Amino acid sequence: MVFILQRNFKDARLVKVLPPPPSTHIPQLTGPFPLCQKCLETFYGVGPELSARLMARYYIHPTAKVGSLVDKQILDLNADLSTMNIENNLRRQLRDNIKRLRDMGTYRGRRHAMGLPVRGQRTRTQTATAAKLNMIERKG
Amino acid sequence: MSFRPCWRCFLRASDLSTSIWQPSPARLSASAAPFSTSTSSLTNASADRSTAFRAKVFNLKKEKPKNDVRAKRPAPGERKAYRKRIILSNTNALPIYGMEDFTVENMCKQESKGMVLGIPGNNVDQLRAVEAFKPTQAWGMFRRPGMLVRNETVEYAKLLEELQSQGKSLRRVLVGERGSGKSVMVLQAMTMAFLKGWTVINIPEAQELIIGHYDYAPLSGSSPLLFIQKSYTARLLSQISRSNPQLETLRLSSTPPSNFPIPIPANISLARLAGLGASDPEIAWPVFQLLISELTLPNSSIAADDQKRPPLLFTLDSLANAMKDQTAYMTASFKPIHAHDLTLLKTFMDYLSGASPLPNGGLILAATSASNPPPNPSLDLALAKLETHSASQSSAPSPDPYNPSPATPNPFYTYDQRVMDIFEGPNGGQVEVQRLPGLSKEEAKGLMEYWAKSGILRQDVDERLVGEKWSLSGGGIVGELERGCIRMRI
């Protein structure tokens, strides 16, 4: 078990979700197999690009498992991640942005508050995503 | 009391009792018949059956336990092991009595041409240890592994003999069509080298080194920055120590550098040294460096009582992968690492280009792969130039309609100077390019007779069949010949 940013990961997990294989003759993995094994990208705000850069910074190869990281790499990753604007900080920033729009009384802020599409989409049908996500206290 | 008349037959009700419309029970059931195709005698039975069926369905649901057994998932690594396993024997194949083995004597005889010779048992173990066999090759179809002695095999046998006796070194790249036997040629060279007591180092597939499946780390103190692959180096060291028994007798003759990570006893055997590196990936790279420098020490500088260093055979398959300018590894500043900045590949490239000498003689042999190689215009151009250069002295190369002038740079391509320097640099220019042609008809006949004797090819091997298969296989391309005769038999 390895702790990264107060979150524990099983040793057999890959550090990063694998990109699709470049050659077309290799069958694509279907199902949740690669997605469930990612580690860095479980943090809100760390995506494919940032995780690849992070791994390059500490010379972690693309198919590395969490258990194969040496202590220094884990410490470095922790130190780096803790200075980044990710997880709750990033969520707070998002909420602040929406709140600011709302406080200014803008149309966008109002649409967020009403749980309706913000960018001019139709509302007759297909507003499930907006209804699910758009709110003043948006989750992420 | 008056009765209403029947409106159909105009009979009075009193007469209805005798009329044909009297609704007797038998008539009733018969009158129902026109709406059903089943006979009335079956009506009761069918009713019984439907209720029984209903009851049965109900019971079935109740009684049958839920079938929750799912297929067992393969254990980690099981699928890869299945994919990579090498089968070298098949008890269903007929044994061939009187089949000779590869020996130092018969492999360079002209009479052996066109014969299939067996690989001696202990060589099989050595070749397996250096991963010379590939899962795509058809070893698993025969009773024991055997190889065709083709024209080039005899040439290689003579070449190795010459290199050993004169202490010379040669650097060579094998090219050829897909299935023309490049990898098996490397395997044959390794077999000969083992028989002659050479030291053999083999990188079985360069792709493994560049696709990011092994760990990597910067090599401290290197400029420009190089990268080591510790676990692969440890694997390679284990491969070397398992396959080269003569390393037991060779002793460390130089003192290790002052910054060597572990204290090692003086006069340690090279096999033990390789074993140390194999067991600990952290020290694998310095151990590999020391081992290579020991193996290439000039025999003149070795003490008289110490064993002389044998020639070295260093081989690599799938050369185009080793020439890639972008590997899956990244620098800290997120730039792709050049394949030649990986220390293991750099070591090989230094020998191939001639930057590192082989004072005790040896052969550096690289094979290109024609099965799904990465596009590499620089390598293609460099090899085409060398090939045209050597061909102009003997015969013109066969024209390729899709690329009439492969040895001329294409203005729309960018070429990698580091790759070109291997072949054209200050030390380069001496790399030989050998194109493997198809088998001759005599060789094809020998091979097909071997297949027939093994019970796989069930036809009379005569001139007609050999000619037909030889033509269908693009002029004796051995992989196609194999496919046409023993893989895709209909």
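Quick check for me: using +1 on Lys/Arg Cβ and -1 on Asp/Glu Cβ, what's the dipole size of the range B:442-487 about its Cα centre, in debye to the nearest 20?
220 debye
In which sequence would B:CYS108, A:CYS39 go, from the one with the fewest C-beta neighbours within 10 Å to the one with the most?
Sorted ascending by nearby Cβ count, the order is B:CYS108, A:CYS39.
Would you work out which of A:ILE98, A:PRO48, A:HIS61 lies farthest towards the positive end of the dipole of the range A:41-140? Charges go on Cβ: Lys and Arg +1, Asp and Glu -1.
Selected residue: A:ILE98.
Where nothing but the Cβ of Lys and Arg (+1) and of Asp and Glu (-1) is charged, how large is the charge dipole of chain A around its Cα centre, in debye to the nearest 20?
880 debye
If we sort A:55-66, A:110-121 on the protection proxy, mean other Cβ atoms within 10 Å, highest first, what's the order?
Packing proxy ranking, top to bottom: A:55-66, A:110-121.
Placing one identical point scatterer on every Cα of the range B:442-487 and ignoring solvent, what is log10 I(q)/I(0) from the Debye formula at q = 0.22, 0.24 Å⁻¹?
Each listed q corresponds, in turn, to -0.63, -0.75.
Given H placed 1.01 Å from N in the peptide plane, which residues other than close sequence neighbours of B:ARG435 have an amide H under 5 Å from its amide H?
B:VAL175
May I ask you to sort B:MET323, B:MET349, B:MET99 by Cβ crowding, counting other Cβ atoms within 10 Å and putting the fewest first?
B:MET99, B:MET349, B:MET323
For the range B:175-214, run through the trypsin sites (Lys or Arg not before Pro) and keep only the ones in DSSP coil with at most 14 other Cβ atoms within 10 Å of their Cβ.
Answer in residue order: B:ARG178.
Among the aspartates and glutamates, which have Cα under 18 Å from the Cα of B:LYS84 when same-chain residues fewer than 8 positions away are ignored?
Qualifying aspartates and glutamates at Cα under 18 Å: B:ASP125, B:GLU131, B:GLU205, B:GLU208, B:ASP317.
Could you compute how fast the range B:406-458 diffuses translationally, taking Rh as the Kirkwood radius over C-alpha pairs and applying Stokes-Einstein at 25 °C with viscosity 0.890 mPa s? Give it in µm² per second.
Stokes-Einstein gives a translational diffusion coefficient of 160 µm²/s.
Evaluate peptide A:59-66: per residue, the Cβ atoms of other protein chains within 10 Å of its Cβ; return the mean as an integer.
Mean inter-chain Cβ contacts per residue within 10 Å come to 5.
Against the longest alpha carbon principal axis of chain A, how many degrees, from 0 to 90 and to the nearest 10, is the axis of helix A:71-83 turned?
The angle comes out near 10 degrees.
Roughly what would the spin-label model give for A:THR42 and A:LEU75, points 7 Å off Cα along C-beta, in nm?
Computed distance between label sites A:THR42 and A:LEU75 equals 2.3 nm.
Can you return the lysines within cross-link range of A:LYS132? Criterion is Cα-Cα under 23 Å, with same-chain partners fewer than 8 residues away left out.
Partners found: A:LYS99.
Principal axis lengths of the range A:71-118 from Cα atoms, whole Å, largest first?
For the range A:71-118, the Cα spread along each principal axis is 50, 18, 10 Å.
How high is the FRET efficiency from B:GLU463 to B:LYS168, r the C-beta distance, R0 51 Å, rounded to 0.05?
Step by step, r from the Cβ atoms, then E = 0.75.
Between B:SER300 and B:HIS389, how many nm apart are label points set 7 Å from Cα along the C-beta direction?
Going from the B:SER300 label point to the B:HIS389 one covers 2.8 nm.
So, R0 is 60 Å and r is the distance between the beta-carbons of B:PHE412 and B:GLU105; what FRET efficiency does that work out to, to 0.05?
0.70
At 7 Å along Cα-to-Cβ for each site, give me the label-to-label distance between B:SER405 and A:ARG95 in nm.
7.0 nm
Among the listed pairs A:LYS65/B:LYS80; A:LYS10/A:LYS38; B:LYS113/B:LYS182; A:LYS10/A:LYS139; B:LYS109/B:LYS196, which are separated by more than 20 Å between their Cα atoms?
Checking Cα-Cα distances, A:LYS10/A:LYS139 exceed 20 Å.
Quick note: the coordinates plus some simple rules give every number you see, no bench work behind them. None of the values given here were measured: they were computed from a predicted structure. Glycine also receives a Cβ, built like all others from the backbone with ideal geometry; neighbour counts cover every protein chain displayed.
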